[in-house]
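Worksheet for the structure shown next.
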Amino acid sequence: IRSLLAAIKERDKNNITIKKPQKRIPRVIFTKEMKKNHTILCPQMSPIHFELLQRVFKYSGYNIEILPDKDKNCIDIGLKYVNNDACYPAVITVGQIMEALLSGKYDLNNTSVVISQTGGGCRASNYIGFIRKALKKANLEHIPVISVSPSGLEKNPGFKITPSLLNKAIQGILYGDLFMRVLYKTRPYEIELGSANKLHQYFKDIVYKDLERGNIFKFKENVNNIVKAFDELPIHEEINKPRVGVVGEILVKYHPVANNDIVNLLEKEGAEAVVPDLIDFFMYSMYNSNFKYEKLGGKASSNNISKIGIKIVEMYRSPINEALAKSKRFSPTISIDKLAEMAEPIVSIGNQTGEGWFLTAEMVELIHSGAPNIVCTQPFACLPNHVTGKGIIKTLKNKYPLSNIVAIDYDPVASEVNQLNRIKLM
């Protein structure tokens, strides 16, 4: 606020007149006809999950293309089209989209963009505006931007989340979570280098085919086979490496460009990376309806729908937990109710912006599960992440003296060497 007041005074002092605000950029609707011949570009977030979700949407008739996960050039391009005061995830997301559109690879009269939208008090809710502004700047405002949001912030006749698509999408995300758990747990200890990745690829090929039908019985069968195979993969059982948890803002936590490929970095440094499940973020978003209903006058209908949603996801998740519980190397997941219970002594469940209380809960869960070393990945300028991430480290250390947490800022001008040194020191 002080900075804003100073800017206003400086403007008045120099007799700078305020221009009339620009008219809102008109929205281009994604029609049913567009579904037939448009390539839909989707920015990358989590490679393990998104390559599965790409298949899911293609099986539902959408020609979706997930953008590359290892291209750092998107950061420079993002800075050309997004105000550098915006958060790092916004820069990367817009940069990926604009790099693809300006590459000459696509027919720009038959190309659309899709982006998820939370609708919460976070700049991620403004991604749509950022993207449309960037498109206008590049004279590409005719390209439709599709918002995927559970609250249905924008309607597009050509893009519908059907029960069949939802069934396959839940399976796809859960497959991704399971792959992360078993792969990251075994790869640092493998006897034959590359054997864990090879096994991952083998099951990916099976899952790709089975997602076309989305049969729940096949899903259960695949889950059991995946856990069994990784449980029997030859590894150095006698070695115990330090387990390092990775938490933070959702895109920076999973995107290898945003976090400088932190999982491979940790493994090269002789650690075992532990990355929480992606599905838990969606569970957290649904769980928040309960607090809103009880404390903030939220709708009972929204609360009931969210409770049903949580039960449905837990139903899909139950075969995974059963398989993990039977294994000798892996542990089952923790319910969202339990995660909220873990966070409540430290932060209010009312902290619901961005990752909110969920970020704290993830850190507590990691400490309880034998991963007290934690890297909290923070995009510079992400206020909620700093409050419920960096802001609670002292409290966590007082409550859990063995916890070893480092908060690492990620932004376009951050020194990668400095980030690496801080992680090594941790």
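The values are calculated or read from the model by the stated rules, or taken from the named source; none is laboratory data. Every value quoted in this text rests on a predicted model; they were computed, and no experiment measured them. Every residue, glycine among them, receives a Cβ derived from its backbone with ideal geometry; neighbour counts consider all protein chains shown.
Quick one: would you say residue 96 is surrounded by 15 or more Cβ atoms within 10 Å (Cβ to Cβ) and in contact with a Cys (Cβ under 9 Å, 6 or more places away or on another chain)? Let's see the steps before the verdict.
On the way: surrounded by 15 or more Cβ atoms within 10 Å (Cβ to Cβ): yes; in contact with a Cys (Cβ under 9 Å, 6 or more places away or on another chain): yes.
Yes: the conditions hold for residue 96.
Hey, any hits in the range 165-187 for a residue that's farther than 22 Å from residue 223 by Cα, of a type outside the set (A, V, I, L, M, F, W, C) and touching a strand residue (DSSP E or B) at 6+ places or on another chain (Cβ under 6 Å)? First the steps, then the outcome.
At the first step, the residues of the range 165-187 found to be farther than 22 Å from residue 223 by Cα are none.
Scanning the range 165-187 turns up no residue that is farther than 22 Å from residue 223 by Cα, of a type outside the set (A, V, I, L, M, F, W, C) and touching a strand residue (DSSP E or B) at 6+ places or on another chain (Cβ under 6 Å).
Looking only at the range 156-182, which residues are without any contact (Cβ under 8 Å) to a residue 60 or more places away in the chain and surrounded by fewer than 18 Cβ atoms within 10 Å (Cβ to Cβ)? Break it down stepwise before answering.
Our first condition is that a residue be without any contact (Cβ under 8 Å) to a residue 60 or more places away in the chain; within the range 156-182, this holds for 160-161, 163, 166-167.
Result: 160, 161, 163, 166.
For the range 51-75, which positions are part of a helix (DSSP H, G or I), touching a residue at least 60 places away in the same chain (Cβ under 8 Å) and not hydroxyl-bearing (Ser, Thr, Tyr)? So that I can check it myself, show each step before the final result.
Here is the first cut: in the range 51-75, the ones part of a helix (DSSP H, G or I) are 51-59, 73-75.
Next, from what is left, pick out any that are touching a residue at least 60 places away in the same chain (Cβ under 8 Å): 51-53, 55-57, 59, 74-75.
Across the range 51-75, the qualifying residues are 51, 52, 53, 55, 56, 57, 74, 75.
For the structure I just gave you, tell me whether residue 42 is touching a strand residue (DSSP E or B) at 6+ places or on another chain (Cβ under 7 Å) and modelled with pLDDT under 90. Steps first, answer last, please.
Details: touching a strand residue (DSSP E or B) at 6+ places or on another chain (Cβ under 7 Å): yes; modelled with pLDDT under 90: no.
Here the answer is no, as residue 42 does not meet what is asked.
Within the set of pairs 6 or more residues apart or between chains, which connect a residue that is on the phi < 0 side of the Ramachandran plot inside the range 348-377 to a residue that is charged (D, E, K, R) with Cβ atoms less than 7 Å apart?
350/295; 355/249; 371/243; 373/243; 376/390; 377/249; 377/253
Taking the stated definitions as given, is residue 354 over 22 Å from the mean Cα position of the chain (by Cα), under 25 Å from residue 261 (Cα atoms) and either of a type outside the set (Asp, Glu) or crowded, with 18+ Cβ neighbours inside 10 Å (or both)?
On the way: over 22 Å from the mean Cα position of the chain (by Cα): no; under 25 Å from residue 261 (Cα atoms): yes; either of a type outside the set (Asp, Glu) or crowded, with 18+ Cβ neighbours inside 10 Å (or both): yes.
No: the conditions fail for residue 354.
Residues of the range 221-259 being surrounded by fewer than 20 Cβ atoms within 10 Å (Cβ to Cβ), polar (S, T, N, Q) and either assigned to a loop (DSSP other than H, G, I, E, B) or free of Cβ contacts under 8 Å to residues at least 40 places away in the same chain (or both), which ones?
Scanning the range 221-259 gives 225, 240.
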